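Notes to accompany the following structure.
The values are calculated or read from the model by the stated rules, or taken from the named source; none is laboratory data. Please read all numbers here as calculations on a predicted model, not as lab measurements. Glycine gets a Cβ as well: all are built from the backbone with ideal geometry, and neighbour counts include every protein chain shown.
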Amino acid sequence: MGQSAEFGRFLKAMRARMSPEDAGLPETSGARRVPGLRREEIARLADVSTDYYTRLEQGRHIHPSRAVLESVARALRLDPSEHTHMMDLLEHCAESAKAPSPTPRVRPALRQLLDAVGEVPALLLGRRSDILGANRMAVLLFADFAAMPSAERNLTRWLILDPQARQLFRDWKTVAAEAAGSLRADIGRHPDDPQANQLVGELAVNSEHFRQWWAGHRVAARSAGTVRLHHPAVGDMELNFESLSLPEDPDQVLRVYSAKAGSPSDDALKLLGSFGAGTTTSEGLSARHVLGEGQPRFSEGA
């Protein structure tokens, strides 16, 4: 199925979430048969014909101008992440399934950087939020990703399916929903990715929450923020995270977590680090903890 159909489903989902009040339209008498605005209402707000908007939403192979797309985006009240996703769905339109993506390689300089970021948790993430690397503090804070089968080394999968993650994140639903939204954004940039489709299928089978989030076409692309955690060893923490893009490796992101200096969370993070200060590589907690090199995700099945 081409990406044009996915583009149409996205528009429909965005229309369904809107109310007349959201769009500044007067209330109509009587109940609406379907949730959200009608096609003709969005078309009127976007200043296009109802027939043209209908063809857009049906995923027909037409070529809307940038001005039309901007008008539709304004009518649907798309936020920046949703707007980018809509454009990705058109730009990366695919006619047929692609081959699996090549195995990501972690450059030696990035291994050294993970070593250097030793006092705070750091993850190296690839496509689909695959976990390519984790330093010792990330293992202590989250999980020993290297001990997992290669098919399970994925941050979104861990967040949504692992009970440990549900207990660790105090705002688990928010964090997990954003991870699902980030996965959708990734798929918009890389349509018909077999590994991504397999991951989505696994999550949909095993998580009712994920099925609801996915059906709503939620898109999220936060590169920074705050997470609230309750770690079984050190208690409550509030950590900031920054996701740093790597120009030399456009499909890889370095995510670093830190606490405000002198705060209780900073003290808790230092205490956590002291627990693993004497660990060795054989215990799976070495400072240089690069994962998955030469082991593509889902290469062994999921």
How do the pairs read when you match residues in the stretch 8-20 that are without any contact (Cβ under 8 Å) to a residue 60 or more places away in the chain with residues anywhere that are surrounded by 15 or more Cβ atoms within 10 Å (Cβ to Cβ) and part of a helix (DSSP H, G or I), using Cβ under 6 Å and keeping only pairs 6 or more apart or on different chains? Gly8/Glu57; Lys12/Glu57
Just to check your reading of the model, which residue among Asp266, Asp236, Asp251 is in the same structural domain as Ala179 (by TED's automatic domain parsing), modelled with pLDDT of 95 or more and either within 13 Å of Leu125 (Cα to Cα) or out of contact with any helix residue (DSSP H, G or I) (no Cβ under 8 Å at 6 or more places or on another chain) (or both)? Asp266
Quick check: anything in the stretch 22-38 more than 28 Å from the chain's Cα centre (by Cα), modelled with pLDDT of 80 or more and not assigned by TED's automatic domain parsing to the domain that holds Ala215? yes
Counted residues in the stretch 160-175 being surrounded by fewer than 23 Cβ atoms within 10 Å (Cβ to Cβ), within 18 Å of Gln198 (Cα to Cα) and either touching a strand residue (DSSP E or B) at 6+ places or on another chain (Cβ under 6 Å) or of a type in the set (A, V, I, L, M, F, W, C) (or both) come to 1
Inter-residue pairs, beta-carbon under 7 Å, first at positive phi and in the stretch 71-91, second crowded, with 16+ Cβ neighbours inside 10 Å, 6+ apart: Arg77/Met18
Is it fair to say Ser243 is within 21 Å of the chain's Cα centre (by Cα), closer than 18 Å to Met137 by Cα, surrounded by fewer than 18 Cβ atoms within 10 Å (Cβ to Cβ) and modelled with pLDDT under 95? yes
Determine whether the stretch 152-173 contains at least one residue that is without any contact (Cβ under 8 Å) to a residue 40 or more places away in the chain and of a type in the set (S, T, N, Q). yes
Taking His92 as the residue in question, decide whether it is at pLDDT below 85 and closer than 14 Å to Gly8 by Cβ. no
Check whether at least one residue in the stretch 152-162 is under 20 Å from Ala134 (Cα atoms), over 14 Å from the mean Cα position of the chain (by Cα), part of a helix (DSSP H, G or I) and at pLDDT below 95, and report yes or no. yes
Does Glu202 count as touching a residue at least 60 places away in the same chain (Cβ under 8 Å) and not in a loop (DSSP other than H, G, I, E, B)? yes
Under the condition of being outside any strand (DSSP E or B) and of a type in the set (A, V, I, L, M, F, W, C), which residue from the stretch 218-245 is farthest from Ser263 (Cα to Cα)? Val219
Filtering the stretch 44-80 down to residues that are among the hydroxyl-bearing types (Ser, Thr, Tyr) and either at pLDDT 90 or above or buried (at least 20 other Cβ atoms within 10 Å of the Cβ) (or both) yields Ser49, Thr50, Tyr52, Tyr53, Thr54, Ser71
